[in-house]
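Participant: Got a structure for you, questions after.
The values are calculated or read from the model by the stated rules, or taken from the named source; none is laboratory data. Note that the structure is a prediction, hence the values are computed from the model and not measured. Please note: Cβ atoms are built from the backbone with ideal geometry, for glycine as well, and neighbour counts cover all protein chains shown. Remember, those area values only see protein heavy atoms, side chains included, never the ligands or the DNA or RNA. Shrake-Rupley method; radii C 1.70, N 1.55, O 1.52, S 1.80 Å.
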Amino acid sequence: MTQVTEHGGGVWSIKVPIPDNPLGHTLVHVLDTGRGPVLIDTGWDDPDAWDTLVAGLGAVGVAITDIHGVVITHHHPDHHGLSGQVRESSGAWIAMHAADTAIVRRTRESEPGTWLTYLATKLTAVGAPEDHLAPLRAARATGRMRTLPGLRAALPDREIVPGELLDLAGRRLRAVWTPGHTPGHVCLHLEEDHPANLPGRGRLFSGDHLLPGISPHIGLYEDPDDATVTDPLGDYLDSLERIGRLGVAEVLPAHQHAFPDAARRVQELLDHHEERLTGLLALLATPLTPWQLAERMEWNRPWEQIPHGSRNIAVSEAEAHVRRLVKLGRAEAMTGSDPVTYVAV
């Protein structure tokens, strides 16, 4: 059954499935405008996802050919995957923040094995064991990288500029830059009265930045050609506080369900990350590599049960937290350690 929710005021959401993923679905939002319907995110590039999106649009009286534009919260394939197919079918424009557009362009232009080579080198430097590295080298040798999502993602043709209203006839949708989950993640503030008169300043399409029951993944910003030392967790925490100050009536996220009281959820996430940083400091009383730290951190399952690819994500999250501790002066890398080893100070 096609799952469509009407949120009032010319806004709907469609549950578009993500294949083989515990998240289950992406909530693609449909926003009616004076020039035609606009999508906020599009879902994973998959035939079932496409069919669900088309059927969901039909359920609200919209044909895929009617789509006027596509606004992307961030470049990940469960959000941006179907954008190209929507544009091919409708002639719609696609808008994205410049930092994430740069990632899409780099991914499209890079030889597919470049990422695997970079990942293997990086994981070696943070202490990954040989049995974890071997499958990466094998994939590089066999060319399996060519089948991964995102390699041919659509290049956007419009830029989302932070702080500006998007060019949507009859609507006030303002871009709020919220880096952390990705460097170019944006939330979108619908600066209009809530259709059910809930107290607050409009509604927020929050992408993955603010979810009702999940803390989004915060890992390192990966760019094989850029050695800049970024602080994604610091970016995320700053972005959370900025969203909390908006005072929105309701949050329309890209996963799970809509919810009120953004400020309460923001505080929960700020507390969660502070608790996690405190826990990591306790672990770093003994010098550890990022890989060893990831092995000891609390995840949603024991480390032994975490699949190979998810361990890469976990160690990136461990690194982002350690980098935050280093920036705060609460931890440091041990001079000359190889693989790099950190300790609390």
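Participant: Roughly what % of DSSP beta bridges within the chain run antiparallel, to the nearest 5?
Facilitator: Given both bridge residues lie in the chain, the antiparallel proportion sits at roughly 70 percent.
Participant: Which trypsin sites (Lys or Arg not before Pro) does the stretch 135-238 hold that lie in a coil by DSSP with at most 12 other beta carbons within 10 Å?
Facilitator: Listed in order of number, the matching sites are Arg152, Arg172.
Participant: Cut-off 10 angstrom, C-alpha nodes, Gaussian network model of the chain. Which of Thr73, Thr286, Thr52 fluctuates the most?
Facilitator: Taking springs between Cα atoms under 10 Å, the residue moving most is Thr286.
Participant: Using a Förster distance of 45 angstrom, determine the FRET efficiency expected from the C-beta separation of Thr286 and Ala102, and round it to 0.05.
Facilitator: So the FRET efficiency works out to roughly 0.70.
Participant: Can you tell me the accessible area per residue over the stretch 202-298, all protein chains present, probe 1.4 angstrom, in square angstrom?
Facilitator: Roughly 40 Å² per residue, with all protein chains present.
Participant: Now a separate question. Which loop-located GluC sites (Glu not before Pro) does the stretch 272-345 contain, where loop means any DSSP state but H, G, I, E or B and the Cβ has at most 12 other Cβ atoms within 10 Å?
Facilitator: Details: sites: Glu274, Glu275, Glu295, Glu298, Glu304, Glu317, Glu319, Glu332; in loops: Glu298.
Qualifying residues, ordered by number: Glu298.
Participant: Using a 1.4 Å probe on the protein chains only, how many percent of the accessible area of the stretch 1-67 belongs to carbon and sulfur?
Facilitator: Working: 1400 of 2940 Å².
The nonpolar share, carbon plus sulfur, comes to 48 percent.
Participant: If we count every other residue with Cβ under 10 angstrom of Gly9's Cβ, Lys/Arg +1 and Asp/Glu -1, where does the sum land?
Facilitator: Values: positive: Arg171, Arg203; negative: Glu6, Asp32, Glu192, Asp193.
Summing Lys/Arg as +1 and Asp/Glu as -1 gives -2.
Participant: Before I look further, what does the stretch 1-109 give for accessible area per residue, probe 1.4 Å, in whole square angstrom?
Facilitator: 39 Å²
Participant: Relative to a virtual label point 7 Å from the Cα of Glu304 in the Cα→beta-carbon direction, which members of the stretch 113-137 show backbone nitrogen distances below 20 Å?
Facilitator: What the label zone holds, given the 20 Å backbone N cut-off, is 129-133.
Participant: Rounded if a/c is under 1.5, else prolate if a/b beats b/c, else oblate: with a ≥ b ≥ c from the C-alpha gyration tensor eigenvalues square-rooted, which is the stretch 160-236?
Facilitator: oblate
Participant: Among Val62, Val266, Val315, which one shows the highest mean-square fluctuation when the chain is modelled as a Gaussian network with alpha-carbon springs under 10 Å?
Facilitator: Judging by the Gaussian network model, the answer is Val62.
Participant: How much mean residue ellipticity at 222 nm does the chain get from its helices, if each DSSP H run of length 4 or more adds -39500 (n - 2.57) and you divide by all residues, to the nearest 500 deg cm²/dmol?
Facilitator: It lands at -11500 deg cm²/dmol.
Participant: Under a 10 Å cutoff between Cα atoms, tell me which one of Ser13, Ser110, Ser215 has the largest fluctuation in the Gaussian network model of the chain.
Facilitator: Ser110
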